1. Given the residues I221, I273, which is the only one that is touching a residue at least 24 places away in the same chain (Cβ under 8 Å), closer than 23 Å to Q205 by Cβ and in a strand (DSSP E or B)?
2. Being assigned to a loop (DSSP other than H, G, I, E, B) and among the basic types (K, R) is true for just one of R266, R164. Which residue is that?
3. May I ask you to verify whether A41 is within 12 Å of the ligand (Cβ to nearest atom), small (G, A, S) and open to solvent by 40 Å² or more (accessible area, probe 1.4 Å)?
4. Among the residues of the range 145-170, write down those that are crowded, with 19+ Cβ neighbours inside 10 Å, away from the ligand (no atom under 15 Å from the Cβ) and within 22 Å of R122 (Cβ to Cβ).
5. Pairs please, first residue from the range 92-103 and open to solvent by less than 10 Å² (accessible area, probe 1.4 Å) and in a helix (DSSP H, G or I), second anywhere and more than 9 Å from the ligand (Cβ to nearest atom) and among the small types (G, A, S), Cβ atoms under 7 Å, 6+ apart in sequence or on different chains.
6. Looking at K178, K173, K214, which is the one that is in a strand (DSSP E or B) and open to solvent by 60 Å² or more (accessible area, probe 1.4 Å)?
7. If we scan the range 320-328, do we find a residue that is outside any helix (DSSP H, G or I) and among the hydrophobic types (A, V, I, L, M, F, W, C)?
8. Can you name the number of the only condition in (1) surrounded by fewer than 16 Cβ atoms within 10 Å (Cβ to Cβ); (2) over 29 Å from D68 (Cβ atoms) that G190 fails?
Amino acid sequence: QAAKPHVVVLATGGTIAGAGASAANSATYAAAKVPVDKLLAGLPELSNVAKVSGEQVFQIASESFTNDHLLKLGQRVSALAKQADVDGIVITHGTDTMEETAYFLNLTVRTAKPIVLVGSMRPGTALSADGALNLYSAVSVAASKDAGGKGVLVSMNDEIHTGRDVHKHVNIKTEAFKSQWGPLGMVVEGKNYWFRAPVKRHTLQSEFNIDDIKALPAVDIVYGYGNMNTTGIEAYHRAGVKALVHAGTGNGSVAAQAVESLKALRAKGVHVIRSSRVPDGFVIRNAEQPDDQYDWVVAHDLRPQKARILAMVALTKTNDSKELQRIFWEY
Ligand SMILES: NC(=O)CC[C@H](N)C(=O)O
């Protein structure tokens, strides 16, 4: 019998490593408690699909991920992916910012080996905990050759999503993740069923490389709403932000007073990325606002938090707004 593929599980915390006081606690519990060795030891079925080793990278709730965490995790994933004895990598992660980490790795780790993020919505101590099956599925995806070359994946609730499109759309159900263009496939009993492939540039076709990125520039997000004030925009400007993502209403529309503040920012060299707070759809250049005239960038179909990730990565290579826009179309 051929040796099983070697999958490394990098643990970062989240609910999949969470623990509650009683089995009835599906929502009230502490995240990031259970160490990776214990997670893996509790799932002997993993040996059916892979030779698994675990590494505790962080033990945090994912809302507390910083740029430093992204860089450290990315560097570790990149180093492991270069090892001949590693066939796939699973990252256990809190679900709150999993979509941001997945997109960051999708943009910056140059490998065709499967990289799969996974989490859970209920702690392992809860009735109908979802972490064990999610982890089993993620390891089996990472162990399979057919998952390679598809970019960084998120496997949750039997679905396999591209890390680019996926976002958390429900915060209290196990079917928490959705991609507006659909999942890439499904994983059932350790077998993958594929239905589509990503068309945007990622991993091996990316012009970005985590091995060359030593720091990420400050990029923040302001939220659009009725009666919006411009205090936040001006505060971020004073704080030295390099780009500001505007999570606009509708088709990325911007309140008149915010338009003036954002134009002033751009005049000082800060990039303005026009996105939308609407969960689905995409922003069309020069619709709602004259982006060519203001020299703004549109976020295409990226949610504001994903636009922030791409802007940070892009700004490590260019400060040209036309280049930024090209990158937003391509990735
Ligand atoms: N379901 C979860 O993983 C949420 C737990 C926590 N807020 C986190 O993102 O890490």
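The values are calculated or read from the model by the stated rules, or taken from the named source; none is laboratory data. Given the structure is predicted, the values throughout are model-derived calculations rather than measurements. Positions of Cβ are backbone-derived with ideal geometry, glycine not excepted, and every protein chain shown enters the neighbour counts. In case anyone asks, the SASA skips ligands and DNA or RNA and just uses the protein heavy atoms, side chains included. Shrake-Rupley method; radii C 1.70, N 1.55, O 1.52, S 1.80 Å.
1. Matching residue, one of I221, I273: I273.
2. Of the residues listed, the single one that is assigned to a loop (DSSP other than H, G, I, E, B) and among the basic types (K, R) is R164.
3. no
4. L153, E159, I160, H161
5. Pairs that qualify, where the first residue is open to solvent by less than 10 Å² (accessible area, probe 1.4 Å) and in a helix (DSSP H, G or I) and the partner is more than 9 Å from the ligand (Cβ to nearest atom) and among the small types (G, A, S), are A102/G163; Y103/G163.
6. After ruling out the rest, the residue left standing is K178.
7. Taking every residue of the range 320-328 in turn, none turns out to be outside any helix (DSSP H, G or I) and among the hydrophobic types (A, V, I, L, M, F, W, C).
8. Here G190 clears every test but (1).
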